[in-house]
1. If Thr78 meets every condition in (1) among the β-branched types (Val, Ile, Thr); (2) under 20 Å from Gln20 (Cα atoms); (3) part of a loop (DSSP other than H, G, I, E, B) apart from one, which number is that one?
2. Looking for something in contact (Cβ under 8 Å) with a residue 60 or more places away in the chain and touching a Pro at 6+ places or on another chain (Cβ under 6 Å) - is there at least one such residue anywhere in the range 31-45?
3. Considering (1) in a helix (DSSP H, G or I); (2) buried (at least 21 other Cβ atoms within 10 Å of the Cβ), say which one Pro105 fails and leave the rest.
4. Right, Ala140: aliphatic (A, V, I, L, M) and in a helix (DSSP H, G or I) or not?
5. Closer than 18 Å to Ala124 by Cα and not hydroxyl-bearing (Ser, Thr, Tyr): which single residue out of Pro35, Pro43, Pro58 fits that description?
Amino acid sequence: MSTDHFFVELAAVSHELALQLVQAGIEAGAAAGLPVAVAVVDPAMALVAYGRADGTTPHSAETCRRKAQTAASTRRPTGWMEGDLALALPPASGNLLTNVLGGFPLVVGERFLGGFGVAGGAPAVDANIARTALAAVGLAEPGPARRAS
């Protein structure tokens with residue numbers, strides 16, 4: 001009897017890449033004139049790396065983590081939810097998830113590795129800082145946010 005069905009193998013973001021993303025995010029924030037907080041999580045939404053620039057607002061630490069968790073959970077950039085879902089999902093998830101722009105799934109080739117979130121500025125600015133950080137470490141931005149099916 002085969003035991004192959006007893007386990008699954010999963011890809012996950014490495015600590016090395018997570019630290020590179022945190023550093024790139026903080027540097028991109030500084031270039032934009034903003035102290036930001038940056039979080040990287042694995043596919044199970046567990047924190048792999050976190051950092052914040054001096055002067056980052058206290059709530060940004062939590063917000064960046066929620067953005068990363070949402071991108072990991074939905075495998076989409078944050079900001080795609082509309083209407084009732086955008087209002088209901090955060091409290092329904094115990095506030096683990098958010099619809100605020102600035103979170104991106106981490107994908108290399110066909111492998112999903114986790115999520116990445118930036119917080120510290122206006123949501124659209126956070127998203128641009130995150131895009132800059134992704135490019136700085138050689139990752140392509142995932143496709144555009146799409147509506148829920």
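1. Failing condition for Thr78: (2).
2. Checked against the condition, which is being in contact (Cβ under 8 Å) with a residue 60 or more places away in the chain and touching a Pro at 6+ places or on another chain (Cβ under 6 Å), the range 31-45 yields no hits at all.
3. Failed condition: (1).
4. Numbers: aliphatic (A, V, I, L, M): yes; in a helix (DSSP H, G or I): no.
When the stated conditions are applied, Ala140 does not pass them.
5. Numbers: Pro43 fails: closer than 18 Å to Ala124 by Cα; Pro58 fails: closer than 18 Å to Ala124 by Cα.
Of Pro35, Pro43, Pro58, the one residue that is closer than 18 Å to Ala124 by Cα and not hydroxyl-bearing (Ser, Thr, Tyr) is Pro35.
Yes or no, residue by residue, for (1) within 11 Å of the chain's Cα centre (by Cα); (2) farther than 23 Å from Arg52 by Cα; (3) outside any strand (DSSP E or B):
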{"position": "Ala86", "(1), (2), (3)": "no, yes, yes"}
{"position": "Pro91", "(1), (2), (3)": "no, yes, yes"}
{"position": "Thr98", "(1), (2), (3)": "yes, no, yes"}
{"position": "Gly114", "(1), (2), (3)": "yes, no, no"}
{"position": "Val118", "(1), (2), (3)": "yes, no, no"}
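Bear in mind that the values in this text are calculations on the coordinates, not laboratory data. Note that the structure is predicted; figures quoted are calculated from it, not measured. Here the Cβ is made from the backbone with ideal geometry for all residues, glycine too, and neighbour counts use every protein chain on show.
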